[in-house]
Amino acid sequence: QKEVEQNSGPLSVPEGAIASLNCTYSDRGSQSFFWYRQYSGKSPELIMSIYSNGDKEDGRFTAQLNKASQYVSLLIRDSQPSDSATYLCAVNGRGNAGKSTFGDGTTLTVKP
Amino acid sequence: GAVVSQHPSWVICKSGTSVKIECRSLDFQATTMFWYRQFPKQSLMLMATSNEGSKATYEQGVEKDKFLINHASLTLSTLTVTSAHPEDSSFYICSASLGDSNQPQHFGDGTRLSIL
């Protein structure tokens with residue numbers, strides 16, 4: 001079992017719809033969770049951080065964390081074609097000096 | 001804030017050449033820097049973790065004599081691909097962190113390396 005698993009893609013949604021990206025992790029001691037967006041041919045960029053159970057909203061993005069279920073998700077409301085990218089879930093364990101374990105990514109396509 | 005600069009962005013060179021890639025944190029002190037490699041349509045692969053003033057920690061299967069990492073200051077880490085061959089052609093990306101387990105990584109723009 002991988003340490004960080006993301007739902008297999010690719011995921012395709014129509015413009016204006018909600019895109020839901022899911023991630024599970026195996027280390028119960030994990031304490032920091034991040035979502036990165038990576039456009040084709042570019043490096044990843046941080047879009048959301050979440051540290052405690054519940055929802056965290058930032059514009060059209062909502063990150064959700066459930067530590068009991070070891071599950072973290074990213075919702076993108078009113079999806080736009082510019083949201084088409086690969087989304088990477090990253091998890092930091094306790095005392096790992098900032099070293100993240102990344103999932104393989106889910107590729108999202110938003111169709112006009 | 002948290003800007004990481006990576007240079008060069010693109011390198012094309014002949015087989016057997018050594019190539020140096022620089023990674024700088026511009027507005028913060030990066031206790032830890034990371035080097036990744038990514039082949040087309042594949043996942044990020046962590047190559048090594050670099051801490052200022054100490055030897056890098058390489059991931060299993062990564063040749064430390066081929067991929068030389070130096071982290072001489074809190075704002076600069078370098079990766080040198082020695083005697084590069086066509087199979088080393090890839091997208092190399094660095095990232096920097098404050099070193100706290102609560103901190104995210106901040107990525108450079110990456111270096112696309114093509115060995116002829």
Practice task
Among the trypsin sites (Lys or Arg not before Pro) in region B:1-53, which ones are in a DSSP loop with at most 13 other Cβ atoms within 10 Å of the Cβ? Mind listing them?
Solution key: B:K14, B:K41
Handout entry: Average beta-carbon neighbours from other chains, 10 Å sphere, peptide A:25-34
Key = 1
Handout entry: For chain B, radius of gyration divided by Kirkwood radius, i.e. Rg to Rh on alpha-carbons
Key = 0.95
Practice task
Any aspartates and glutamates with Cα under 12 Å of the A:K42 Cα? List them, leaving off those in the same chain fewer than 8 positions away.
Solution key: B:D109
Exercise for the section: Determine the shape class of the protein assembly as shown: with a ≥ b ≥ c the square roots of the Cα gyration tensor eigenvalues, call it rounded for a/c under 1.5, and otherwise prolate if a/b is greater than b/c, oblate otherwise. Expected result: prolate
Problem - Exposure proxy ranking, count of Cβ atoms within 10 Å, fewest first, for B:Y36, A:Y25 - result: A:Y25, B:Y36
Problem - For B:H106, net neighbour charge (Lys/Arg +1, Asp/Glu -1) across residues whose Cβ lies under 12 Å away - result: -2
Exercise for the section: Please average, across the residues of A:98-111, the number of beta carbons from any other chain that are within 10 Å of each residue's own beta carbon, and give a whole number. Expected result: 4
Handout entry: Theoretical gain in end-to-end length, A:K2 to A:Y39 [0.36 nm per residue, Cα-Cα removed]
Key = 11.0 nm
Problem - Global geometry of chain A, whether rounded, prolate or oblate, following the gyration tensor of its Cα atoms and the 1.5 cut on a/c - result: prolate
Handout entry: Residue mean of other protein chain beta carbons inside 10 Å, B:39-48
Key = 3
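Read-outs throughout are calculated quantities, based only on the coordinates presented, and are distinct from any laboratory measurement. Everything quoted here is computed from the prediction, not taken from an experiment. We place every Cβ from the backbone using ideal geometry, glycine too, and count neighbours over all the protein chains shown.
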